[in-house]
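Colleague: Dumping the structure here so I can ask a few things about it.
The values are calculated or read from the model by the stated rules, or taken from the named source; none is laboratory data. Given the structure is predicted, the values throughout are model-derived calculations rather than measurements. Here Cβ is always computed from backbone atoms with ideal geometry, including for glycine, and neighbour counts include all displayed protein chains. Surface areas here come from the heavy atoms of the whole protein model, side chains and all, with no ligands, DNA or RNA. Shrake-Rupley method; radii C 1.70, N 1.55, O 1.52, S 1.80 Å.
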There are 2 protein chains.
Amino acid sequence: MPQRGGGANASVPVHLPEGVAAPAGLVEAALAYEAALMADDLATLESAFAPGPDTLRGDEGGLLVGRDVISRFRGARGGAPKRAIEALHVRPIDDDHAWLAAVTAPAAGGRGLVSQLWERQHGAWRITAAHVSAPPRAIDPRVWRVVGDPLLPPTEAGPLDGHTVAVKDVFAVEGFALGAGVPAYLDEGAPHARSAASLRALQAAGASVRGIARTDQFAYSIAGRNAAYGTPPNPAVPGAISGGSSSGPASAVAMGHASIGLGTDTAGSIRIPASYQGLWGLRTTHGAVSTDGVLPLAPSFDTVGWLTRDRATLEATAVASLDEAAQVGLGDRFVTARALISSASPGVAAAFVAYLEAWDREVTAIDDDSLSDVALDGVQTAFRTMQAFEAWAAHGAWVAAHPGALGADVASRFEWASTITPAAAAAARAALERARCALDAALGDAVLVLPSAASVAPALDAAGDEIEAVRAATLRMTAVAGATGRPALSVPGLTVDGAPVGVCFVGPRGGDLALVRAADEWMPRAKRH
Amino acid sequence: MPQRGGGANASVPVHLPEGVAAPAGLVEAALAYEAALMADDLATLESAFAPGPDTLRGDEGGLLVGRDVISRFRGARGGAPKRAIEALHVRPIDDDHAWLAAVTAPAAGGRGLVSQLWERQHGAWRITAAHVSAPPRAIDPRVWRVVGDPLLPPTEAGPLDGHTVAVKDVFAVEGFALGAGVPAYLDEGAPHARSAASLRALQAAGASVRGIARTDQFAYSIAGRNAAYGTPPNPAVPGAISGGSSSGPASAVAMGHASIGLGTDTAGSIRIPASYQGLWGLRTTHGAVSTDGVLPLAPSFDTVGWLTRDRATLEATAVASLDEAAQVGLGDRFVTARALISSASPGVAAAFVAYLEAWDREVTAIDDDSLSDVALDGVQTAFRTMQAFEAWAAHGAWVAAHPGALGADVASRFEWASTITPAAAAAARAALERARCALDAALGDAVLVLPSAASVAPALDAAGDEIEAVRAATLRMTAVAGATGRPALSVPGLTVDGAPVGVCFVGPRGGDLALVRAADEWMPRAKRH
């Protein structure tokens, strides 16, 4: 017969090897920790973990290293789900060390498992390592709105047989209303009779639909923090944001929930999450893939794109979706620009420069006026003005009629958008047209190389102004492809502070497939497959 | 800088506390274990785990205790998913003990975490405890066909606000085809314009639809082993079957994926999974809840029912679904029958007898001919004959036109069903009508008390004939409610060998609500809330 826990947990059975006793005070310490956890008593919880940089805590979301990191996670979580301990299995190691497993019965159903390595330090039992398994969920609502096995089958067999698609919730999906990341918008929607053309192309090539994945609200953000549904997890950087606005498809692909993320990229919404999560991502040439059935954000810049874990899947997806007859080759020049690199954080800039130096291609730094700091600032300003004007044209009436329907970040962006006059928009359009001519003259059929984002993925609990600063720096870098309608491929080429950052290759319009086909040789040697 | 692993895993970074070295041979042993895991080298894997009953291995599915149990699990699994180790974090305890965590990068995406307690035994490093987190899945296809957040919203607010429904895939769900657990049947189906009446009643009371959950094929089994989609997990008994045919809804509720399982019970399909998974389950009075929009199995016996984790939810669900004006009260007699108890395994029978003895109600053992062994055998034979005849009438044409579409167990049941002549069915119907009269005379408005199932949940890897023997014994017990159209409530009252078994209360027709309302006092004292 198992022993029993003491005190408030008198009914918890404690299992030990035959003839072995638990070290004095251990079971009591474990039960006290559990009680503090249920009370979200952060001070007691912190002191239950051993201080220092070597303490570990892991779960399905990743491994946290160091007590400070663990405490920060716990503080941000807002309490653990309520649960009871069904049984403790204690494995004493010596007088001052023991391992134990607790089978938990969460109030919300299922069974969980917690294992802990305990050490007696200065007379007190402390956890030096912990591993937590919560019961698996039916669905991760941060990533998905609806998911199926499959949600929709392929319509024909083809080169994408066996592939599964996570569809950003700005695409029409047959039988479902469109949600755009906004609960009130979803509530008013009616099921679509026909899927978006770009989705039908994937189904016709053999892919099935895994589900409808989350998006930043109206796709008008690059962070992935959806006020209604939460932020999809970033498995490449535990505790960091996903990037957006194609946040759900990106996390779904990174987590292995789907092999193809179908998204859109207006100002970076494919490239940013690809960069933050170590994925391959292609923003296609403006107009090269039909946006039929896609909710607009800013039609002058909106493009369809894809996120994958590997180059071959991206190529097969692109081949299934693009008109190969309209595609072009790449020139033999690779160029970059100091003003683009200087937008990036010092760590990203250094990693990018090191990448260029190690690469076996010659990359010319363009000092053309079209890529000067002044020119890029102008492009960015004109781009965001015109984007906002078009976003308001697309959604202003709905937004105005639904006060409170949006999160603060997106709402304030729309509020600003509502102030753009037609004259200001016309001026921005003219400025962008001039910039496009100048950029086209400078770039020609060259491939422009730059970091995909200004930084690694910011922390989930980063302040709004930190997110905004990163956004501004990144959008300055992404605006070149946006303004010129050029395709942009992000490859997971850099690692900065242990986190992925993409290298972005912007090709000539129609050079989508050529970019994807050539890119394996552009990866750093150590990352090639 | 971290150290590096040796040999084939030379590129794996090994993290240790500052100034601490890994015990000799430990990292090599961990990497050798990983190599054996990737090769599914069962002999090496078994020997890497310490022998004896105290070795532990846990994951999201539960905790396995003892090396033999672990080896059996591993042998049944057919290999671990392919993965690479991204990093090892080693925490030496002493020369002969160490804990380590491995961050894994599965080939299918996401990140996983493995932690292990190692001990040097007779010179060789062995794992004495392991904890594994695989990356969370988009959907558990054993439990669900499609799932949403929500899949369908409530239609009105009401007493079921906040509740979520797992719908067995034999109910019409608006916008979706019906699958019946059979891929070919699903492929041919068209989306329903309207949900089943019993589902609409729950949505009108405030519940949302979480998703469409798995079922035994055409609901013609009580095991839960679906040849096409697998067996839903049973969180109450790791490594055991779910019970069926309402298998998906039962596991969904037990795992906390939904709060209400909407199922059907023809011969026990609510009561069996409730018993196996420690849930509350109600098979309603035949005809009391509309089967409009429900795929028939055997309409003379088909009933709608529900599975919940607690009594209060079951009551609210029943109130929302039943016509209270047609409900009746219970008499004051509680009865049981030796011939029913003797169908159960010795362990279940003993636990049930002990329950009756400890209960504060007087339960009379009926020795009426209607509940004799001979009579029960006759009821069971007639029941299964008529069930089969009706099942063939409902699905025979489809089954005959789709050879190979069903799993072997259900296919052989339909094959036998195809041999039942109308004359045999008529004889069975007459026999059942006589039995029903006799049983009604014996039972009146009494509550018949019996174990809900003949055994605890059998193991996932139980042989087909073991499953079949349990099925026969259980169906003999469930047939009384089936034959009389009486409601039957299963409450999670017994524990046998650590696994749940239900106590079943069969009331007079129309006594559904009275059963549910009274049942809290019928629970063993220790299990009351």
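Colleague: Please verify whether residue B:347 is modelled with pLDDT of 95 or more and farther than 17 Å from residue B:487 by Cβ, treating the condition exactly as stated.
Modeller: yes
Colleague: Another question, then. Looking at the structure I just gave you, is residue A:194 open to solvent by 20 Å² or more (accessible area, probe 1.4 Å) and part of a loop (DSSP other than H, G, I, E, B)?
Modeller: Considered against the rule, which asks whether it is open to solvent by 20 Å² or more (accessible area, probe 1.4 Å) and part of a loop (DSSP other than H, G, I, E, B), residue A:194 comes out as yes.
Colleague: Can you name the number of the only condition in (1) over 18 Å from residue A:486 (Cα atoms); (2) surrounded by fewer than 19 Cβ atoms within 10 Å (Cβ to Cβ); (3) in contact (Cβ under 8 Å) with a residue 24 or more places away in the chain that residue A:421 fails?
Modeller: Evaluating residue A:421 over (1) over 18 Å from residue A:486 (Cα atoms); (2) surrounded by fewer than 19 Cβ atoms within 10 Å (Cβ to Cβ); (3) in contact (Cβ under 8 Å) with a residue 24 or more places away in the chain leaves (3) as the failure.
Colleague: With respect to the numbered conditions (1) surrounded by fewer than 24 Cβ atoms within 10 Å (Cβ to Cβ); (2) among the aliphatic types (A, V, I, L, M); (3) more than 30 Å from residue A:364 (Cβ to Cβ), which one is the sole condition not fulfilled by residue A:341?
Modeller: (3)
Colleague: Being within 14 Å of chain A (Cβ to nearest Cβ), open to solvent by 30 Å² or more (accessible area, probe 1.4 Å), in a helix (DSSP H, G or I) and out of contact with any helix residue (DSSP H, G or I) (no Cβ under 8 Å at 6 or more places or on another chain): is that true of residue B:69 here?
Modeller: The answer is yes for residue B:69.
Colleague: Test residue B:173 against the criterion of being touching a residue at least 24 places away in the same chain (Cβ under 8 Å) and among the β-branched types (Val, Ile, Thr), and give yes or no. I'd like the intermediate steps shown before the answer.
Modeller: Numbers: touching a residue at least 24 places away in the same chain (Cβ under 8 Å): yes; among the β-branched types (Val, Ile, Thr): yes.
It is true that residue B:173 is touching a residue at least 24 places away in the same chain (Cβ under 8 Å) and among the β-branched types (Val, Ile, Thr).
Colleague: With the condition kept exactly as written, say whether any residue in region B:207-217 is in the same structural domain as residue B:475 (by TED's automatic domain parsing) and in a helix (DSSP H, G or I). Before the answer, list the steps.
Modeller: First, the residues of region B:207-217 that are in the same structural domain as residue B:475 (by TED's automatic domain parsing): B:207-217.
Next, from what is left, pick out any that are in a helix (DSSP H, G or I): B:217.
Checking region B:207-217: at least one residue is in the same structural domain as residue B:475 (by TED's automatic domain parsing) and in a helix (DSSP H, G or I).
Colleague: Does residue B:23 satisfy the criteria of being of a type outside the set (A, V, I, L, M, F, W, C), touching a residue at least 60 places away in the same chain (Cβ under 8 Å), assigned to a loop (DSSP other than H, G, I, E, B) and surrounded by 16 or more Cβ atoms within 10 Å (Cβ to Cβ)?
Modeller: Yes; evaluated as a whole, the condition is true for this residue.
Colleague: So which strands (runs of 3 or more DSSP E) are wholly in region B:81-175 and hold at least 3 residues that are closer than 25 Å to residue A:499 by Cβ, open to solvent by less than 50 Å² (accessible area, probe 1.4 Å) and within 11 Å of another protein chain (Cβ to nearest Cβ)?
Modeller: Counting at least 3 such residues, we get B:83-94, B:97-106, B:112-121.
Colleague: Scan A:231, A:155 and give me the residue that is among the polar types (S, T, N, Q) and over 30 Å from residue B:111 (Cβ atoms).
Modeller: After ruling out the rest, the residue left standing is A:155.
Colleague: Please state which of the following conditions residue A:359 fails to meet, knowing it meets all the rest: (1) touching a strand residue (DSSP E or B) at 6+ places or on another chain (Cβ under 9 Å); (2) surrounded by fewer than 18 Cβ atoms within 10 Å (Cβ to Cβ).
Modeller: With respect to (1) touching a strand residue (DSSP E or B) at 6+ places or on another chain (Cβ under 9 Å); (2) surrounded by fewer than 18 Cβ atoms within 10 Å (Cβ to Cβ), residue A:359 is out only on (2).
Colleague: Looking at B:254, B:228, B:258, B:236, which one is without any contact (Cβ under 8 Å) to a residue 60 or more places away in the chain and within 12 Å of chain A (Cβ to nearest Cβ)?
Modeller: Testing whether each residue is without any contact (Cβ under 8 Å) to a residue 60 or more places away in the chain and within 12 Å of chain A (Cβ to nearest Cβ) leaves just B:254.
Colleague: Could you figure out which of (1) modelled with pLDDT under 95; (2) touching a helix residue (DSSP H, G or I) at 6+ places or on another chain (Cβ under 7 Å) isn't true of residue B:107?
Modeller: Failed condition: (2).
Colleague: Now, a different point. Quick test for you: out of A:431, A:382, A:441, A:397, pick the one residue that is farther than 28 Å from residue A:342 by Cα and modelled with pLDDT of 95 or more. Break it down stepwise before answering.
Modeller: On the way: A:431 fails: farther than 28 Å from residue A:342 by Cα; A:382 fails: farther than 28 Å from residue A:342 by Cα; A:441 fails: farther than 28 Å from residue A:342 by Cα.
Criteria check complete, one pass: A:397.
Colleague: Any residue that is more than 25 Å from the chain's Cα centre (by Cα), over 24 Å from residue B:272 (Cβ atoms), of a type in the set (Val, Ile, Thr) and part of a helix (DSSP H, G or I) - is there at least one of those in region B:367-376?
Modeller: Within region B:367-376, one or more residues are more than 25 Å from the chain's Cα centre (by Cα), over 24 Å from residue B:272 (Cβ atoms), of a type in the set (Val, Ile, Thr) and part of a helix (DSSP H, G or I).
Colleague: Could you grab me the full set of residues in region B:172-201 that are under 18 Å from residue B:290 (Cα atoms) and in contact with a His (Cβ under 8 Å, 6 or more places away or on another chain)? Give the derivation first.
Modeller: So the first thing to find is which residues in region B:172-201 are under 18 Å from residue B:290 (Cα atoms), and the list is B:172-174, B:178, B:192-201.
Residues satisfying the conditions are B:172, B:173, B:174, B:178.
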